[in-house]
Structure formats: structure tokens, C-alpha cells
């Protein structure tokens with residue numbers, strides 16, 4: 001089959017690899033209909049996250065049609081059109097049974113590679129996302145093997161388009177979880193850093209959960225327009241204001257946002273001396289992360305508010321722990337527990353309350369994968385997400 | 001964890017980004033007299049890295065400061081030979097599993113279980129009557145084999161085994177099952193002990209052997225056991241698609 005693979009830092013290629021096969025009894029083989037880029041892919045493409053191997057098939061956000069199932073698969077069958085969350089989960093362990101799916105105990109084949117990063121408590125494996133996170137072959141390919149298909153494949157109802165279901169794999173559940181973490185109450189204002197796929201989904205989700213106001217922070221006019229038009233957000237272009245903190249404080253009558261969601265992560269952009277400091281240290285590999293958005297979110301949040309972290313981080317310098325402590329903030333974070341939210345997300349997709357298809361600004365064949373990632377990375381032509389159809 | 005080969009199969013391309021050897025060092029090295037390459041290969045370490053570490057550690061093997069567990073000298077005394085490696089490498093590791101102690105005990109004693117969970121560490125074949133045949137493939141094409149027997153005397157909360165008296169590298173192990181706090185299942189504690197050889201075999205060890213992160217092997221065995229009993233399978237990336245020879 002054809003597949004998009006990582007050949008080295010900033011070197012993606014398309015090539016022919018062997019087809020996946022059923023290995024374990026709960027496996028299924030999915031024929032991929034659509035897959036898409038995720039900002040977190042850029043971290044290993046750019047070389048900031050270790051443990052990729054040349055030849056690794058990438059891609060963790062996808063949907064398709066089941067082609068084959070193992071002998072123990074009961075709830076899905078060949079021909080089912082399904083969406084698959086990015087994390088491989090067993091459904092049986094203590095974590096899965098407590099809806100903490102991305103912390104699953106039983107799906108990481110190489111925990112010894114992750115131990116130095118997380119202290120020896122392995123998390124769930126991810127498709128196409130480094131060997132430290134399981135080393136499973138990814139979904140930018142014609143076919144992908146899905147372990148524990150009964151838990152991890154969700155049938156897409158008729159009337160929900162492929163382009164909509166695609167983003168229920170990662171962007172939508174991540175954003176939805178980020179809003180869920182905020183425990184939104186009537187009258188709340190939620191500020192969201194980042195208007196990429198996850199940030200836009202977090203904004204829409206916050207509205208669905210009853211936020212009075214959602215304020216989005218980014219620098220790209222196209223994305224800020226999407227935030228206004230699709231998520232009903234008010235927007236701040238941080239390159240056009242002296243201080244995001246002051247603007248947010250004024251917009252909220254001096255209280256500050258009740259919750260702040262970071263949907264940016266370790267390759268944040270910003271302005272001013274702190275951004276320059278991060279940029280230099282990251283270039284020298286002295287820290288892996290540029291944390292402008294996260295720091296700003298901490299400082300902007302009201303007393304007793306919630307910081308919800310969806311951006312992916314490794315090591316970060318100068319984290320304002322004192323502000324979190326003295327303002328009595330709550331910090332919530334996780335990789336997405338998609339399986340916990342999928343029923344609600346599919347229901348919202350059916351009613352049209354959540355329609356992420358507009359994220360698919362650019363469509364490519366799988367053969368054009370490297371070009372798609374290049375446009376996505378550089379946000380060329382207003383690219384929010386590059387979508388591949390094998 | 002498909003291959004039991006002792007790191008001498010096809011050369012895999014060096015990965016610029018993964019540093020499993022460094023990761024393994026963080027666990028504390030336990031020198032034992034066999035199976036280095038087999039175990040490291042099972043844990044995904046390149047041959048070059050494994051051997052380099054092996055040589056380094058053999059040079060200073062008696063330091064063994066990172067060794068956990070028992071440190072007695074009974075090995076040398078019992079063999080009557082001046083042991084090159086004068087410690088008894090022993091590790092003890094625990095994991096919590098969402099099953100009852102009885103379920104775990106039954107699963108462990110199922111003859112199909114131990115061969116599956118030891119894969120990557122040793123090839124184990126049930127030999128009937130509570131016995132098992134173990135093979136570890138060492139570096140330079142050497143392999144080590146022994147037979148073990150199940151101990152019938154341990155208290156009811158554990159299962160124990162021991163190599164038969166003719167084993168070149170005596171070893172023993174046990175697994176113990178105790179209830180975890182309510183709702184959390186059972187704590188399984190695995191203990192492994194290998195007695196390094198002395199004399200000529202000990203000298204050969206300097207060339208052949210090195211170190212085995214025995215604690216890492218124990219962790220891996222326990223994880224595989226947990227996954228097998230909680231889900232009915234062991235997670236793997238074997239035989240998957242990738243644009244390279246060793247696709248795991």
C-alpha cells in the first residue's frame with residue numbers, strides 16, 4: 001500500500017510499504033477514507049519530540065471503512081463506516097473504566113522508551129506518533145491496523161459526512177475535553193489561545209456547554225474570522241494589541257476570564273522579549289518548548305479560575321507556578337479521552353451543533369502528503385487543516 | 001516483541017532520535033552472566049548499543065552499585081569457584097492488575113501463559129509435570145538452556161520455580177499475589193534471581209556476557225502478564241507497515 005512516512009527531521013516522503021495485518025484477536029483493519037494533519041505532528045517533524053524512526057508511517061486523525069476484523073471483534077464489522085480516536089485503548093483497565101482513556105494501561109508496546117519522559121507510568125499508545133508513545137503505524141496510508149476495534153471504532157451515523165466525522169478523531173474530542181475541564185457555569189467567559197482545529201473546537205464546545213462569552217486569541221486574520229463566524233467568538237489579534245492581558249481584563253470588567261484554554265502548545269509564537277528568549281533557547285535545544293501562550297493564559301486567568309492545557313509540551317522554562325498558586329487556580333490537562341466523549345460528539349454532529357468540516361480548508365491526495373504538511377506548517381493560503389484522501 | 005534472536009539478526013538502521021540505551025541506564029544495571037543481547041534485543045535496543053554498554057559494564061562489573069535486592073555472596077560459596085561476578089543479581093518488581101488473586105494465580109499456572117509473557121526475555125516451552133524448558137540466546141551465537149521445576153512448597157499466595165540442579169546458570173523466581181486496596185484488584189510481585197557462574201565459565205563471561213537490566217526484564221514480563229489477563233492479548237507493533245527493514 002501507499003503511505004506517508006517520516007524519513008528524518010523535516011523530511012516526509014510517500015512510499016510503498018507492506019499492508020497491515022490482523023495480529024491480535026481484537027484487531028481490525030481499516031481502509032482509510034480521510035486523514036488529516038495535526039499541529040502536534042509538527043513537533044516530531046521539526047525534531048522537538050524524540051523517538052521517531054526513519055520509515056515510520058505517521059498520522060493519528062482519521063476515519064474510514066472497516067475492511068477486516070479479528071476473531072474477537074464483536075461490535076463492528078466489515079463495511080462499517082467508523083471514526084477512530086487517536087489513542088489505542090483497551091477498555092478493560094482501571095483507567096479506561098474511569099473514562100481516562102488516553103491513560104490506558106494496556107496499549108503501549110514499548111513502555112521502556114516512555115519511562116524517562118513520564119516517570120515509568122506508560123500511557124496509551126497513539127497511531128503514528130513516535131515510539132515513546134507506542135510506535136503504532138499511522139493512518140496517512142491506505143490501510144491501518146486498529147487494535148481493540150470494539151472500543152476504538154465508532155460507527156458514523158448516516159447524514160454525518162466523512163469530512164465531519166474525520167475531525168471527531170482528534171480535534172473535536174480534544175477541544176471538547178478542554179471545554180469540559182473548565183466546568184463552565186452560567187455567565188462564564190472562556191478565553192482560548194489558538195484558532196487551529198483544536199482551538200476552534202474548544203471554542204465551539206465552550207458555547208455548547210453554556211459559556212456566556214468566548215474570546216479567541218490568535219494572529220491569523222483568516223483563523224480569527226473562522227472563530228467569529230463558526231464559533232461565535234470575540235477575537236483578539238495579539239500582534240495588534242500592546243497587551244493581551246490588559247485587553248482581556250477590560251473585556252471582562254476587570255475580573256479576567258473564568259477559564260483559559262491553551263490550544264497552542266510548544267511551538268507557540270508571540271511577541272516581545274520572552275518570545276525571543278524562548279526562540280533562542282529552543283533553537284539551541286536548551287529547552288524544547290516556546291511557552292508564550294501557556295504563560296499568558298496563566299497570567300490572564302481570574303483568581304480561582306481554571307487553566308485547561310491542550311497544547312502538547314515537553315520541557316518548559318519559566319513556568320509561572322507562583323501565579324497558579326497565589327491565584328488559587330485549577331490546572332486540568334490530558335491527551336484526549338476521545339472514547340469518553342464520542343457519543344456526545346456524534347450526537348452534536350448529527351444535529352449540526354458541531355460541524356467541524358470547515359476545518360478542512362485544503363484537500364490533497366495521499367501522494368501530495370509532503371506538500372500538504374508544508375502548507376499546513378506554514379499556514380500557506382490560510383491552511384487550517386490539510387486533509388488527505390488515499 | 002516478535003524476535004527472540006539475540007540481537008544478531010538483521011541490522012536495523014540507527015535511529016538518531018531514540019536513545020533506549022540511555023533510557024535503560026536509568027533503571028540501574030544488574031550484571032548477570034547471560035543473555036544480554038537477547039534481553040536487550042527483546043527490549044528494542046540495537047546490537048551496537050547493547051554491546052557497547054555490555055563491555056563498559058563488564059569492565060567495572062563488580063561496582064554493581066545500582067543493583068537492587070539481594071547482595072549476598074552465596075553464589076560464590078555454593079559454586080566453590082572464585083566467581084568473576086560475585087553478586088547474586090536479584091530483582092523484585094510489582095504491578096497492580098484488575099483481577100482477583102485467584103484469577104491471577106490460575107492464569108499464571110496455565111501452561112500457555114509463561115511462554116507468552118516471557119517472550120522477549122526467554123523462549124519457554126512447557127515440558128510437563130510442572131517443568132519448563134528455557135532458552136536464552138546470547139551474543140556471538142551462544143545460547144543458554146536450562147530446565148526449571150515448579151516449587152510445591154511456597155505459601156498459597158505465590159508461585160515459585162527454580163532451575164534444575166544441572167543448570168549452568170542457576171536461577172529461580174517467584175510471583176506473589178496480594179489484594180490491592182478495594183477496587184484496585186491485585187498486586188503481583190515478581191522476583192527473579194540469577195546466580196552468575198565462576199571459573200572458566202566466568203572467564204568466558206568477560207567476553208560473552210555483560211549486563212542485563214534484569215529489573216527492566218521483570219517490568220516487561222509483568223506488563224505483558226497484566227495486559228494478557230486484563231485484555232486477552234499483549235500489545236505489539238510486530239509485522240506492521242513501515243518504510244524500513246525492521247518495522248517494529
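Quick note: the coordinates plus some simple rules give every number you see, no bench work behind them. Small disclaimer: the values here were computed from a predicted structure and weren't measured. Cβ coordinates were reconstructed from backbone atoms using ideal geometry, including for glycine residues, and neighbour counts include every protein chain displayed.
Things to note:
- Most mobile listed residue (A:189, A:380, A:37) in chain A, GNM with C-alpha springs under 10 Å: A:380
- Per-peptide average of other Cβ atoms within 10 Å, ordering A:312-320, A:359-367 highest first: A:359-367, A:312-320
- Fewest-first ranking of B:159, A:280, A:69, using other Cβ atoms within 10 Å as the exposure measure: A:280, B:159, A:69
- When you restrict to C-alpha pairs under 8 Å that are six or more residues apart and normalise by the size of chain A, the relative contact order lands at 17 percent.
- Per residue of A:53-59, other chain Cβ atoms within 10 Å of the residue Cβ number 6 on average.
- Near-label residues of the range A:56-78 by backbone N, under 17 Å of a point 7 Å along Cα→Cβ of residue A:389: A:62-65
- With bins 5 Å wide beginning at 0, the percent of Cα pairs of the range A:1-60 falling in each bin runs 4, 15, 24, 23, 17, 13, 4, 0.
- For chain A, the longest principal axis of the C-alpha atoms and the axis of helix A:369-378 are separated by about 10°.
- The angle between the Cα long axis of helix A:171-180 and the main principal axis of chain A comes to about 50°, on a 0 to 90 degree scale.
- With the gyration tensor restricted to C-alpha atoms of the range A:316-383, the semi-axes of the equivalent ellipsoid amount to 33, 24, 12 Å, longest first.
- Structure remark: mean-square fluctuation, Gaussian network model of chain A, C-alpha springs under 10 Å; the largest value among A:151, A:183, A:355 belongs to A:183.
- Cα centroid separation - the range A:287-355 against the range A:140-182, whole Å: 20 Å
- Inter-chain Cβ neighbour average for residues A:146-157, partner chain, 10 Å: 1
- For chain A, the Stokes-Einstein estimate of translational diffusion at 37 °C and a viscosity of 0.692 mPa s comes to 157 µm²/s, using the Kirkwood hydrodynamic radius over alpha-carbon pairs.
- Ascending count of other beta-carbon atoms within 10 Å, so fewest first, for A:244, A:76: A:76, A:244
- Within 10 Å of each Cβ in A:112-118, the average number of Cβ atoms from other chains: 5
- Considering the range A:172-333, its Cα convex hull presents a mean projected area of 8.5 nm².
- Distance (nanometres) between label positions extended 7 Å along Cα→Cβ at residue A:240 and residue B:94: 5.9 nm
- Acute angle (nearest 10 degrees) that the helix A:338-351 long axis makes with the longest principal axis of chain A, alpha-carbon atoms: 80 degrees
- Kirkwood hydrodynamic radius (C-alpha pairs) into Stokes-Einstein, the range A:190-275, 37 °C and 0.692 mPa s, D in µm²/s: 255 µm²/s
- Label-point separation, residue A:225 to residue A:77 (7 Å along Cα→Cβ), nm: 4.7 nm
- Principal axis extents of the C-alpha atoms in the range A:251-336 (largest first, rounded to whole Å): 39, 30, 21.
- Förster-model FRET efficiency, 56 Å R0, residue A:158 and residue B:166, C-beta, rounded to 0.05: 0.25
- Within the range A:16-91, the percentage of alpha carbon pairs spaced more than 16 angstrom apart rounds to 60%.
- Taken along the Cα-to-beta-carbon direction at a fixed 7 Å, the label points for residue A:381 and residue A:185 span 4.8 nm.
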